[in-house]
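Colleague: Please see the structure below; I have some questions.
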Amino acid sequence: MKLQTQYLIRLAEKGVRGDGRKGEEYRKIEIEKNTIAKAEGSAKVKIGSTEVVAGVKMDVGEPFPDKPDEGILITNAEFSPIASPEFETGPPDEDAIELARVVDRGIRESGAIDMKKLCITPGEKVWMVFIDIHILNHSGNLIDAAALAAVTALKHTKIPEYDGEKVDYENKTKPLPLVHLPVTVTTAKIGNLYVVDPDLEEEDVMSVRLTVTTKEDGNVCAIQKSGPDGLLLEEVEKIFKLSIKKGNEIRKL
């Protein structure tokens, strides 16, 4: 592992990545919508060999006391051992919890869903939106793949019919009130090179990672930093600009 680290860092010092990509280049992105028949909305996303599926389920429940006229959003992530030998069965670990929180925050803080339109009866009944993320294959940059799958699933979600007593999951016609399409872009620093969409080998050697979620207007709505090193203000600004640029490119997909 130490030799691999030194090799990738030496390449980075020359402005080269291990798989030949440029610093600002993503692996091939593939998006497939409506992959789960019983879900209200779903999508599968592949970024290189990383593969993630997201499903949306909806139900009627009581709103939170501090937001009586808004719907509820809950995001969960499951790391199955079939996706990576590093994953174990059992309750979600801290990596799965972090992934779910980053995806949830990007959607929530961008105002992607008009939550007030999910209110049925203020203080009594609202629609609850559950996003379930499942990792099928882990080859690096799970956050971007999961976020893209979640937003794509939301974009194609249909709300079931509700007669005031029972939810009819067989009849889904009304689209989810989606206002924005937030896109999450992860940038890692390896040596002195900034790279988007770090693969698994790059994640093992990166010194810092900054995940940035942006909206169509270029506004940054969520960030998440990890790794032992810090970032200077000018480095953060550079990553913000890169995230906006790549976000616009990915949004076109």
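The values are calculated or read from the model by the stated rules, or taken from the named source; none is laboratory data. In this text, all values refer to a predicted model and were calculated from it rather than measured experimentally. Using ideal geometry, Cβ is built from the backbone for each residue, glycine included, and neighbour counts are taken over all protein chains shown.
Colleague: Scan (1) under 28 Å from ILE223 (Cβ atoms); (2) surrounded by 21 or more Cβ atoms within 10 Å (Cβ to Cβ); (3) in contact with a helix residue (DSSP H, G or I) (Cβ under 8 Å, 6 or more places away or on another chain) for the single condition TYR26 breaks and write down its number.
Modeller: Going through (1) under 28 Å from ILE223 (Cβ atoms); (2) surrounded by 21 or more Cβ atoms within 10 Å (Cβ to Cβ); (3) in contact with a helix residue (DSSP H, G or I) (Cβ under 8 Å, 6 or more places away or on another chain) one by one, TYR26 breaks only (2).
Colleague: Something else: Within the stretch 224-240, which residues are in a strand (DSSP E or B) and surrounded by fewer than 18 Cβ atoms within 10 Å (Cβ to Cβ)?
Modeller: Residues satisfying the conditions are LYS225, SER226.
Here's the yes/no breakdown for (1) buried (at least 22 other Cβ atoms within 10 Å of the Cβ); (2) more than 26 Å from GLU32 (Cα to Cα); (3) without any contact (Cβ under 8 Å) to a residue 24 or more places away in the chain:
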| position | (1), (2), (3) |
| --- | --- |
| GLU124 | no, yes, no |
| PHE130 | no, no, no |
| LEU142 | yes, no, no |
| LEU176 | yes, no, no |
| LEU181 | no, no, no |
| VAL185 | yes, no, no |
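Residue-by-condition table, conditions (1) in contact with a Pro (Cβ under 9 Å, 6 or more places away or on another chain); (2) over 25 Å from THR50 (Cα atoms):
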residue	(1), (2)
LEU181	no, no
ALA188	yes, no
GLU201	no, no
THR211	no, no
LYS215	yes, no
GLY218	no, yes
ALA222	yes, no
GLU234	no, yes
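Colleague: Moving on to the next point. For the stretch 187-220, which positions are of a type in the set (A, V, I, L, M, F, W, C), buried (at least 19 other Cβ atoms within 10 Å of the Cβ) and more than 14 Å from ILE9 (Cβ to Cβ)?
Modeller: Residues satisfying the conditions are VAL196, LEU210, VAL212.
Colleague: Something else: Specify which of the listed residues (GLU94, GLU86) is of a type in the set (D, E, K, R), in contact (Cβ under 8 Å) with a residue 40 or more places away in the chain and closer than 21 Å to PRO198 by Cα.
Modeller: Checking each option against the conditions leaves just GLU86.
Colleague: Checking the conditions here, which among ILE31, ILE74, ILE36 is of a type outside the set (Asp, Glu), at pLDDT 80 or above, in a loop (DSSP other than H, G, I, E, B) and touching a strand residue (DSSP E or B) at 6+ places or on another chain (Cβ under 6 Å)?
Modeller: ILE36
Colleague: Quick check on the stretch 43-55. Is at least one of its residues part of a loop (DSSP other than H, G, I, E, B), touching a strand residue (DSSP E or B) at 6+ places or on another chain (Cβ under 7 Å) and crowded, with 20+ Cβ neighbours inside 10 Å?
Modeller: No, every residue in the stretch 43-55 fails to be part of a loop (DSSP other than H, G, I, E, B), touching a strand residue (DSSP E or B) at 6+ places or on another chain (Cβ under 7 Å) and crowded, with 20+ Cβ neighbours inside 10 Å.
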